[in-house]
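Everything on this sheet refers to the single structure shown next.
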Amino acid sequence: MSQALISCDEIGHSVSRAFAYGHGATLSGWLRNYDEADARATVAIAVAHQFGIAFADGWSLLQRGHAHACRGQHESAHVDLAAGLEVLEQSGQANGLRSQLMYTWFMSMTAEAHGELGAPEKGLALLPEAIALIEKTGARHPEPSLYRVRGDLLRSMGLATEARESLEHSLELAKQRGAVGFALRTALSLVELDIEQSATRANQGTLEKLRTAFTEGSQTHDLQHADRLLARIA
């Protein structure tokens, strides 16, 4: 990804730079590298502002807001999340289906950010629209993430039964699609829920199997988290 960004900088094509840095921020955010996500999103926002690329602007504002929320920068996170949603809603009217196809992913990310900001109810309120949009567009790639985020938000509210149902649905969707990264992240949430409910063995085997599927990336956040959880419940 870094080489792709260097190439975009050398070429200097504004639209390519805005979207390349936006995608770079998405990747960094997914890997829980929030400093890098913040830096890449900031470049994308600057380019998008300068050249009026609304979709990339809104998308990258949400990415930066999510990164700030996860780093505990609550005030700036609120500002970016609100601005990003406003820009996306406006650009969605102009860009139509193109924006709608990504909107479910944006809602998942924004809902997760609200959970980090201590407002899980606000995050949950975003998800019914996102789930309905999946049915409308058929763009189901964010679906496992949506249900994981929903489960995590419910868990943070003490609604363990509802949280488990949502997380188990997320895990099943991820397995059906061979989305091992999504499955691993959901399994982490399920094991954390098991620990809270003193049922530490319930999903241990699932997490162990998913962890061993990864032969690279041992320094990434999710794999280190998996190693810590497995050591804790061993």
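The values are calculated or read from the model by the stated rules, or taken from the named source; none is laboratory data. Predicted model, so just to flag it, every value in this text is computed and none were measured. Cβ coordinates were reconstructed from backbone atoms using ideal geometry, including for glycine residues, and neighbour counts include every protein chain displayed.
Whether a residue is farther than 22 Å from Leu81 by Cβ, among the aliphatic types (A, V, I, L, M) and not in a helix (DSSP H, G or I) was assessed, and Ala163 does not pass this test. Of all positions in segment 26-38, at least one carries a residue that is more than 24 Å from Thr137 (Cα to Cα), among the aliphatic types (A, V, I, L, M) and modelled with pLDDT under 95. Restricting Val79, Val43 to residues that are closer than 21 Å to Leu117 by Cβ, among the β-branched types (Val, Ile, Thr) and surrounded by fewer than 22 Cβ atoms within 10 Å (Cβ to Cβ) narrows the list to Val79. Looking at Ala44, Ala48, just one residue is part of a helix (DSSP H, G or I), modelled with pLDDT of 90 or more, within 15 Å of Met109 (Cβ to Cβ) and over 15 Å from the mean Cα position of the chain (by Cα), and that residue is Ala44. The single condition among (1) at pLDDT below 95; (2) surrounded by 23 or more Cβ atoms within 10 Å (Cβ to Cβ); (3) out of contact with any His (no Cβ under 9 Å at 6 or more places or on another chain) that Thr104 does not meet is (3).
Residues in segment 175-203 that are assigned to a loop (DSSP other than H, G, I, E, B) and either in contact with a Leu (Cβ under 6 Å, 6 or more places away or on another chain) or closer than 13 Å to Ser145 by Cα (or both): Arg177, Ala179, Asn203. When restricted to residues that are out of contact with any Leu (no Cβ under 9 Å at 6 or more places or on another chain), within 18 Å of Gln197 (Cβ to Cβ) and either of a type in the set (Phe, Trp, Tyr) or in a helix (DSSP H, G or I) (or both), segment 121-160 contains 1. With respect to (1) surrounded by fewer than 20 Cβ atoms within 10 Å (Cβ to Cβ); (2) in contact with a helix residue (DSSP H, G or I) (Cβ under 8 Å, 6 or more places away or on another chain); (3) closer than 14 Å to Arg148 by Cβ, the lone exception for Glu172 is condition (2).
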